[in-house]
1. Against the condition out of contact with any strand residue (DSSP E or B) (no Cβ under 9 Å at 6 or more places or on another chain), modelled with pLDDT of 95 or more and over 30 Å from residue A:66 (Cα atoms), how does residue A:322 come out, does it pass?
2. Name the single residue that is nearest to the other protein chains (Cβ to nearest Cβ) among those in segment A:71-108 being surrounded by fewer than 22 Cβ atoms within 10 Å (Cβ to Cβ) and part of a loop (DSSP other than H, G, I, E, B).
3. Pick from A:305, A:337, A:347: which is touching a residue at least 12 places away in the same chain (Cβ under 8 Å), closer than 23 Å to residue A:55 by Cβ and within 18 Å of the chain's Cα centre (by Cα)?
4. Could you check segment A:115-132 and list, in sequence order, the residues that are farther than 19 Å from residue A:340 by Cα and touching a strand residue (DSSP E or B) at 6+ places or on another chain (Cβ under 6 Å)?
5. For residues that are free of Cβ contacts under 8 Å to residues at least 24 places away in the same chain and either closer than 22 Å to residue B:200 by Cβ or in contact with a helix residue (DSSP H, G or I) (Cβ under 9 Å, 6 or more places away or on another chain) (or both), scanning just segment B:311-327, find the one that is surrounded by the most Cβ atoms within 10 Å (Cβ to Cβ).
6. Among residues belonging to segment B:51-70 that are within 11 Å of another protein chain (Cβ to nearest Cβ) and under 19 Å from the mean Cα position of the chain (by Cα), point out the one that is surrounded by the most Cβ atoms within 10 Å (Cβ to Cβ).
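The values are calculated or read from the model by the stated rules, or taken from the named source; none is laboratory data. All values derive from a computational prediction rather than experimental measurement. Note: ideal-geometry Cβ built from the backbone for every residue, glycine included; neighbour counts use all protein chains shown.
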C-alpha cells in the first residue's frame, strides 16, 4: 500500500481511568541511547529498577519483584497461571469489571471458581470472602481487586490480609490503580501476589506490568506439576531480571524500561507517602467539586479511591455525549466499562495529573460541558440519579 | 530506598542480532501526544497500522494481521497456544536456538513434538521435514524458523510452502529476523501463521510482535475445544484491533504503536523490495569484508541471511574478549546463544543500520579489535577455524 501521512494525534489531557499523560521525565529518558537486552550496562540498571519497585510496593521481604514485558492484564494472568493448577479452587471478589476478568481468566485456566459478589460501587465485605474461605479451605488462591478501576472502589486489603495470615490459601491483589497512588503494603498486609501497570499512578506509558511474589507464592509457582507458559515463567524471568550473570529469556522493551526506571526514581525522590498524599489531595478536591455540581459518586464514600472517581450519569443526561464533547475540547474521561456497568463517567487524576490544578481544570470543563450538553444536574432531584 | 541517579546509558552502534538502533523517525513519533487506548482517533490509526503490516508480510489474503502487545517470543507462544491442543503432534525444524525454543514451548503446551534437526549453520532440508510429515500425517502444525537468529541461516520457505499446499497440517514460520529484511511472501508461499518482532529489520524499539493468521489457521484457533489464555486470545485481539467499534481487551503499548506505525510508513515509502535490496547489499558487503579477513561464516553460503552474519571464532581467539573490546569502543555484536552454540560472533545490519557505510564501519572496527585482541586470523591456517 502507499505510505499514509505520519500519525498526528491531537493533544489530550488524559483524565480517564488510564493511561494518564506520561511524566515528561519519562519521555526524556526514552530518548537516551538504546542498549541491547544483553548489555551488562543494562543489566546493572535492571537490578536498580527492581529495587525501586520493591520500595514502591513496600515489598522488601518479597521473593521476587520485577516488571513483566506486557501490560497489566499479563500480570493478572501470570498470577493465575503460576499459582493455580487445573481443578484447584479460586475464590474471587467480584464488584466490577476487573473482578469479573479475574474470574474469567481463572476459568480459562481450568480453576474451580467461587465468586463472592457485591454491586458495582460497593466493596466485597471481607466477612463474605472469609466465609467463602471457610467453606473452601482447600482454595489455592483468594483474589481481590485492591483498586477496582471500573468503579473507583478500594478494597480493605490490610484487614483481609491480617485475617488470612494463618491460611494456606494465597492472597492475590489487583493493584493496577493503586501502586504509587494509595497506601499499599505488600509485606505488612501479607499479600502473596500483586500486579500492577505502568500507565496509571506511576505516570509511565503502558507496556509493562510490575509484579511481586511472596516467598510462599514463589515456592508454589516453582513446585507446580503442570508446565507453565514460556513468556511469563517465573524462573525464566528471574534468571534474566535478577540473577547475575543474566540469562537471556526474551528481548525486553528497553525504552519502556528506561521510562519505568525514571518514574520510579521520581517516586523515590518525592517519597512514597508524599505521593499518596498528593494523590489524596487531588482526588478529594475533584470529589468535592463533583459533589458541588449535585452529582452522585458511584463508590461508597468510605471506600472511595483517590486516583479514580466514578460519577453516576444523572437520568436524562446522555453520558456518552458529555464524554464526546469533553474529548472534542481535548479532555479524555472514561465511561462505564462493559455491558454490566451502570451509566457513569470515570475521572482519573494519576501520576503527573494528580494535583489540585488539574482537578480544578477537569471539574471546570466538566461543569461547562454538562451545562451545554445535558439538563443541568443541579436542577434535577437527586433521587433520580440513583435509579 | 533513596533515589538513584538518572540512568545514563552509553552510546552504542547496535550491530548484534537485535535490537538494532531505533529509526530516528520512530523516536520522534514516540514524542507525539499520548492518546488513550479507547480513543477513536487511535482506533482509526490502528486499522492503518494493520494494513501496513499486511503489506510488509505480503499477506493481503490473511485472515488476521496485527501486532501483539509483547516481544517476539509472545508471537511464538501465541501460535503454539492457538493452533495446537494437548496431545496433538507438532513437527519442528531445529537447526539453532530458536527452533529449539519452538520445540520447548510446544512441549510446555503438551504437544507431541517431532524434531527434525540439522547442525547449527545448516538448514533443515525440506525433504526431511516432508518425510516427517509423511510419517505423521495427523500433525497439526509444522514449524520452521525462516531466519534463524542464532546462526544466520535462511530456510527455503517458499519451496516448503509449495510442497505443503495440499496438506491439512498448518505451516508456522518464525520471521523474527526476516520481516522487512528478506523476501517473505505470506500468501504466495502458503504460510498459515507467522510472527516477528519490531526491533530488528523494522527498526522500531522492542515491545511488540507482529503476527499473521491465514484463514485456515484462524478457523483452527477459533474452533479449538480447550480454552486459550486471555492476553493473546485471537478473538479478543481482533475485537480490539480490527473490529469497529473496538472492544476493550488490554491497554496496548500506545507509544510503541506510534513507533511501529512510523517505521511501517517508512517501509512503505521506501518500498518493500527496495528495502530487501538495501538489506542484501549491506549484508553482502559485510560478508565480503569478513571473508577478506580470512574468517569463516557459520551458515551454508546458499542459505546465508543478509541481515545477520554469524562468524566462526577462529581457534586461539577469545571471542568474548573481542565482543567486550568492541563494546568498549561503542559497538555491540552478539556471541553464540546458549550452551549448544559453536563459538561465534553474530553481526547484524538491520533497519537503519542496513547500509554499506555501517557494514564498513563495523568491519573496520572488527578487524582492528581482532588484530589487537587475538592472533590474526589471516596468519592461521583456515582449516583450524572449522574445528
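1. Details: out of contact with any strand residue (DSSP E or B) (no Cβ under 9 Å at 6 or more places or on another chain): no; modelled with pLDDT of 95 or more: yes; over 30 Å from residue A:66 (Cα atoms): yes.
Judged against the criteria, residue A:322 is not a match.
2. A:86
3. On the way: A:337 fails: closer than 23 Å to residue A:55 by Cβ; A:347 fails: closer than 23 Å to residue A:55 by Cβ.
A:305 is the lone residue from the list that is touching a residue at least 12 places away in the same chain (Cβ under 8 Å), closer than 23 Å to residue A:55 by Cβ and within 18 Å of the chain's Cα centre (by Cα).
4. Within segment A:115-132, the subset farther than 19 Å from residue A:340 by Cα is A:125-132.
Result: A:128, A:129, A:132.
5. Looking only at segment B:311-327, we keep the residues that are free of Cβ contacts under 8 Å to residues at least 24 places away in the same chain, and these are B:320, B:323-324.
Then drop every residue that is not either closer than 22 Å to residue B:200 by Cβ or in contact with a helix residue (DSSP H, G or I) (Cβ under 9 Å, 6 or more places away or on another chain) (or both), which leaves B:323-324.
Details: B:323: 22, B:324: 15.
Here the residue is B:323.
6. Here is the first cut: in segment B:51-70, the ones within 11 Å of another protein chain (Cβ to nearest Cβ) are B:51-56, B:60, B:68-70.
Of the ones still in play, those that are also under 19 Å from the mean Cα position of the chain (by Cα) are B:52-56, B:68-70.
Numbers: B:52: 23, B:53: 24, B:54: 22, B:55: 17, B:56: 25, B:68: 23, B:69: 29, B:70: 31.
The extreme case among them is B:70.
Residue-wise test of (1) under 12 Å from the mean Cα position of the chain (by Cα); (2) at pLDDT below 95; (3) in the same structural domain as residue B:310 (by TED's automatic domain parsing); (4) crowded, with 21+ Cβ neighbours inside 10 Å.
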residue	(1), (2), (3), (4)
B:130	no, no, no, no
B:139	no, no, no, yes
B:147	yes, no, no, yes
B:150	yes, no, no, yes
B:156	no, no, no, no
B:170	no, no, no, yes
B:173	yes, no, no, yes
B:177	yes, no, no, yes
B:187	no, no, no, no
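One line per residue, one yes/no per condition, for (1) at positive phi; (2) out of contact with any strand residue (DSSP E or B) (no Cβ under 9 Å at 6 or more places or on another chain); (3) more than 9 Å from chain B (Cβ to nearest Cβ):
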site: A:192; (1), (2), (3): no, no, yes
site: A:208; (1), (2), (3): no, no, no
site: A:213; (1), (2), (3): no, no, yes
site: A:226; (1), (2), (3): no, yes, no
site: A:231; (1), (2), (3): no, no, no
site: A:235; (1), (2), (3): no, yes, yes
site: A:247; (1), (2), (3): no, yes, yes
